[in-house]
Amino acid sequence: MLNKIIKRSQRKTAKSDVDLAVVTRCRSSSRIADSDVVVNHKSLGSAPPELFQQQKSDSESVPLGAIENLPRFRDVLAMERLGLFRKKVKICCNMCDFSDDMKMVREKEIKRQTLVELVDFIHSGSEKITELDQNEMIQMISLNIFRCLPPSSYENAGSENLDPDEEEPYFVPTWPHMQLVYELLLRYVVSSYTDTKIAKRYIDNSFVLKLLDLFDSEDPREREYLKTILHRIYGRFMIRRPFIRKTINNIFYRFIYETGRHNGIGELLEILGSIINGFALPMKEEHRLFLVRALIPLHKPKPLAVYHQHLSYCIKQFVEKDFKLADTVIMGLLKYWPVTNCQKEVLFLGELEEVLEATQPREFQLCMVPLFTKISRSISSPNFQVAERALFLWNSEHIVDLILQNRNVIMLIIFDSLERNIHYHWNTSVLSLTVNVRKLMSDMDPELFDECQRQYTKNLVKFSNLKELREVLWQRISAAAVTGFPEDKVP
């Protein structure tokens, strides 16, 4: 009996020792996690093992809360500056709590001042930092900017009809530090002292992918920095260019066909505008497919108005680079032409004018029939903004010249809409513009215009006769319904 009691007490002791060890490890790991573990975006995958090794070494050398005020670079000897640089980088690996303004006030100010000094140090290029120092700096930058983005406001509301543009943007609370980290990265990328052969080992595809994921941030200040940095990376690191284009392409696909929501489409299109401007001729098939499969379908999503200006510029760049793409672009616009959204139709008409300005006669003839069939409907639209924007096309000399060369086809298509506007449209501004366009078409070819006028009159008479016949038939049906059918006529 005594032996059983002794054995039972030994098992309890062993179990308590194991529990204590587990708790100790959990507490230790939680301290490391609180200080240095990066929470990556869910679509990014795991970070490289080298990053975690560096995080572990940083957490051991500079534990959380041990942010000390180091001397400035100008106050130490030149031979000690690189060592001081490493210490400052390690200090900046510590994350501060911005949920409470009164918490960690001293640590926040020390880290801010340290980041300012790092930015000035990289910008001045007074000391050439080693490859190891560059690696530590990029890891510090990754710790500070790469994170899991919070849900957008429309996701929190759980409503598909909520317009994210009408909500106030979410501003990153850690921006006082994050802005300086982005500035440090920008200075590092653009610095003439940065060796791209070495830097490309750390500005790799994984790093670029994480940067691109951050474009979905709601903070416009962050997206502006990301736009500038990515553009500079694209310019300096030629080896990253295909990957950047492919990743942007995938972001557009996900936005068009899956989510319909993304905060950084405008900034990405702004980057692409300058990229497309640098495309060499003859244009690669990859770029043509990008136009057809990504840029043109971007006219489909509901929040088009947010990024339409940048999208229109990219489309125009393609047409100016290769005028043979004008037919493809115009037919693509007609494919996604809005039916019930008048504001979106006004945007389409404005973009169409820019494309037609760069269109050559041969490409114009390939698409003019479906094009002016759509324009004819817009001219007679009851919405005065749509009708005005369609009639404004005749203010362009190049478009008028294209119409003049193909007046035998175009006048037959649009004449009925012009006449209906003159007789029936309610808006005086649209009526005045219609009269001007009608006069312009008449001066182009008076004989053809008179022929269209006669044909229009015949159609009116024919339509009037059909209307009278339809009324007579309805009267017969009404009378038959009242009196009833004869028994011998009942089917």
Which FRET efficiency value, to the nearest 0.05, is calculated for TRP175 and GLN385 with the Förster distance at 30 angstrom and r the Cβ-Cβ distance? 0.15
At what distance in nm do the modelled label points of ARG377 and LYS197 sit from each other, each positioned 7 Å from its Cα along Cα→Cβ? 6.1 nm
Using a Förster distance of 60 Å, how high is the FRET efficiency between ARG86 and ASN277, based on the Cβ-Cβ distance and rounded to 0.05? 0.90
Just the number, please: carbon plus sulfur as a percent of the accessible area of the range 205-246, 1.4 Å probe, no ligands or DNA/RNA counted. 54 percent
Where does the charge balance sit around MET331 when Lys and Arg score +1, Asp and Glu -1, over other residues with C-beta under 15 Å from its C-beta? +4
Segment LEU404-LEU334, extension gain: residue separation times 0.36 nm, minus the distance between their alpha carbons: 23.0 nm
Over the range 252-309, what percent of the accessible surface lies on carbon and sulfur atoms, probe 1.4 Å? 52 percent
Using the Karplus equation 6.51 cos²θ - 1.76 cosθ + 1.60 (θ = phi - 60°), what ³J(HN,Hα) coupling, rounded to whole Hz, does each residue of the range 427-444 give in order, writing x for Gly and Pro? 8, 5, 5, 5, 4, 5, 5, 5, 4, 5, 5, 4, 5, 5, 5, 5, 6, 4
Just grab the label-to-label distance for GLU354 and ASP120, each label 7 Å out from Cα along the Cβ direction, in nm (one decimal). 4.3 nm
To the nearest Å, what is the center-to-center distance of the range 72-126 and the range 256-284, using C-alpha atoms only? 36 Å
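The values are calculated or read from the model by the stated rules, or taken from the named source; none is laboratory data. Treat the numbers as computed from the prediction; the structure is a model and nothing was measured. We place every Cβ from the backbone using ideal geometry, glycine too, and count neighbours over all the protein chains shown. Surface areas here come from the heavy atoms of the whole protein model, side chains and all, with no ligands, DNA or RNA. Shrake-Rupley method; radii C 1.70, N 1.55, O 1.52, S 1.80 Å.
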